[in-house]
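Here is the structure we will look at, set down as structure tokens.
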Amino acid sequence: MRLTIAIDGPAAAGKGTLSRALAAAFGLAHLDTGLIYRAAGRRTLDGTGALEAAQSLTAADLEADDLRTPDVARAASVVAAIPEVRAALVDFQRAFARRQGGAVLDGRDIGTVICPEAEMKFFVTASDEVRAERRYAELIESGHDVTLASVLADLRERDARDSARAAAPLKPAEDAEVLDTSEMDIDTAVATAIAMVTARTGIPPVA
Ligand code: DC
């Protein structure tokens, strides 16, 4: 059996939570591809060129503890619009997507560019206000000094850049299931997604 689950969608739509839950439910490895762009963007804040940052990423860069800040998110979205940066990161993601035992990848272009042959594709979304409130709560919880208005403005700016770029823009794959989590709690969203995977692939959850 081969199972790759592609999860795309705008910032703070719940992709990470859903990805981890689906990976656990179906016994799959998980790759948060946003973290790769964040790690590259993080290095540009130290003055490294974007392409050099992408080409020389190490595992340690992905483990840096400050990848979740608003500044790094913005830098990630900026470097992610550069076609050469994306090209430098494709092979690693494709190999992960087709690894033995299956995988869940979440990002912006997984179902459209990285793994168009994925057996299951989701486009996870939620209203701007709901996404901003969720991200605001996370940032406050982790000690960041932000306002709800600034988080909402940041999300909208980033989504606009991610959607408008020419290289692998954020958009649903034609065969993606759209999952709007605005009105769903986490348990409902996870149960809905698991049922959708099984309905499409015939593969039952293992956990
Ligand atoms: O998922 P995230 O918020 O951690 O992603 C950070 C930025 O990285 C996002 O604004 C756009 C970029 N990104 C991308 O272009 N393609 C991906 N597959 C994942 C992230």
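Condition check ((1) open to solvent by 40 Å² or more (accessible area, probe 1.4 Å); (2) assigned to a helix (DSSP H, G or I)) across all residues:
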| residue | (1), (2) |
| --- | --- |
| 13 | no, no |
| 21 | no, yes |
| 24 | yes, yes |
| 31 | no, no |
| 46 | yes, no |
| 57 | yes, no |
| 66 | yes, no |
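Tell me, which residue of the range 40-67 that is out of contact with any helix residue (DSSP H, G or I) (no Cβ under 7 Å at 6 or more places or on another chain) and acidic (Asp, Glu) is modelled with the highest pLDDT? Don't jump to the end; show me each part of the working.
The initial filter retains those residues of the range 40-67 that are out of contact with any helix residue (DSSP H, G or I) (no Cβ under 7 Å at 6 or more places or on another chain), namely 46-49, 52, 56, 58-60, 63, 65.
Still in the running and acidic (Asp, Glu): 46, 52, 63, 65.
On the way: 46: 94, 52: 97, 63: 92, 65: 90.
Looking at the filtered set, the residue picked out is 52.
Tell me the residue from 194, 203, 110 that is among the aliphatic types (A, V, I, L, M), in contact with a Lys or Arg (Cβ under 9 Å, 6 or more places away or on another chain) and at pLDDT 95 or above, please.
Values: 194 fails: in contact with a Lys or Arg (Cβ under 9 Å, 6 or more places away or on another chain); 203 fails: in contact with a Lys or Arg (Cβ under 9 Å, 6 or more places away or on another chain).
Only one candidate qualifies: 110.
Do we have residue 173 as within 20 Å of the chain's Cα centre (by Cα) and within 18 Å of residue 75 (Cβ to Cβ) here? Talk me through it step by step, then tell me what you get.
On the way: within 20 Å of the chain's Cα centre (by Cα): yes; within 18 Å of residue 75 (Cβ to Cβ): no.
Here the answer is no, as residue 173 does not meet what is asked.
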Number of positions in the range 68-81 that are more than 10 Å from the ligand (Cβ to nearest atom) and either assigned to a helix (DSSP H, G or I) or modelled with pLDDT of 95 or more (or both): 2
What number goes with the only condition from (1) surrounded by 15 or more Cβ atoms within 10 Å (Cβ to Cβ); (2) within 14 Å of the ligand (Cβ to nearest atom); (3) without any contact (Cβ under 8 Å) to a residue 40 or more places away in the chain that residue 51 does not pass? (2)
Could you check the range 95-207 for strands (runs of 3 or more DSSP E) lying wholly inside it with 1 or more residues that are away from the ligand (no atom under 15 Å from the Cβ) and of a type in the set (A, V, I, L, M)? 120-125, 177-180
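The values are calculated or read from the model by the stated rules, or taken from the named source; none is laboratory data. Since the structure is predicted, the reported quantities are computational estimates derived from the model, not experimental observations. Counting neighbours? That spans all protein chains shown, and the Cβs are built from the backbone with ideal geometry, glycine included. In case anyone asks, the SASA skips ligands and DNA or RNA and just uses the protein heavy atoms, side chains included. Shrake-Rupley method; radii C 1.70, N 1.55, O 1.52, S 1.80 Å.
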